[in-house]
1. Could you name the aspartates and glutamates in cross-link range of LYS200, using Cα to Cα under 14 Å and dropping any fewer than eight places away on the same chain?
2. The stretch 71-102: which trypsin sites (Lys or Arg not before Pro) are DSSP loop and have at most 13 other beta-carbon atoms within 10 angstrom?
3. Name the most mobile residue of ALA73, ALA176, ALA32, meaning the one with the largest mean-square fluctuation, in a Gaussian network model of the chain with Cα contacts below 10 Å.
4. Which residue, GLY67, GLY169, GLY58, tops the fluctuation ranking in a GNM of the chain built on C-alpha contacts under 10 Å?
5. Among GLY100, GLY17, GLY157, which one shows the biggest mean-square fluctuation in a GNM of the chain, springs joining Cα atoms closer than 10 Å?
Amino acid sequence: MKTNEGPRLTPQVKICGLTRVDEAAAAAEPGAAAIGLVFYPPSPRHVTVEQAAGICAGLPEHVCPVGVFVDVAFDEIMQTVYRCTLRGVQLHGKEPPELGERLLREGLVVIRGLYVNKNPSIEQAEQYPASAYLIEFAGGPLPGGNALAWDWSAAVGVGRQKPLVLAGGLNPENVAQAIQAALPDAVDVSSGVESAPGRKDIAKVRQFLAAVRDTSLPEGRKQVF
């Protein structure tokens, strides 16, 4: 459930691409607001519905479990939502705007993935109903950031329309710089805190969260999760 505690001094953190119950629980413990579960078979971080249900069952109540989907129909998404008790859905393909609207009516946090260098692009943001926009450069072979850093300041304008989730190439060493450049409401990290694809390095997770907490911003951030 999304909280209503008002503006935050620093961005929330979503740890994405989790595949193990113990690593998800450990990532949540230092202060992550959300975790991402990838339901996209070509991804090395893909999880089955059964795996995801086990991960969600082990999360503390304050952590929002978000399912990441690529061009999946509404009914299939909702089946996964119910089976895994997801509270958020991230759309990361070429889904029509109507899908986001239907998911919002279900009371879900809907994160719409947009890209700097391909469609759906940041210029098309207003076409997509969502709780927040996740902005990435998308320069690699798979949907998502593909561990590539980019000019994060390009996302600033999108954050004036809806809450902004910044992703793509983030790690403990550069997340403070990225936050200062884009002023996001949340940051999303996957490969930047891994020891191998789908395996999170909890020491890196803690370093990432500490770097976010230590970043000074001129004003508060909006709640996303």
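No value in this document is a laboratory result; all are computed from the given coordinates. What you are looking at is a predicted structure, and each value in this text was computed from that prediction instead of being measured. Don't worry about glycine lacking a Cβ; one is built from the backbone with ideal geometry, like all the others, and counts go over all protein chains shown.
1. Those aspartates and glutamates meeting the cut-off are ASP22, GLU23, GLU29, ASP188.
2. Here the sparse-neighbourhood loop sites are LYS94.
3. ALA73
4. The residue with the greatest mean-square fluctuation here is GLY58.
5. It is GLY157.
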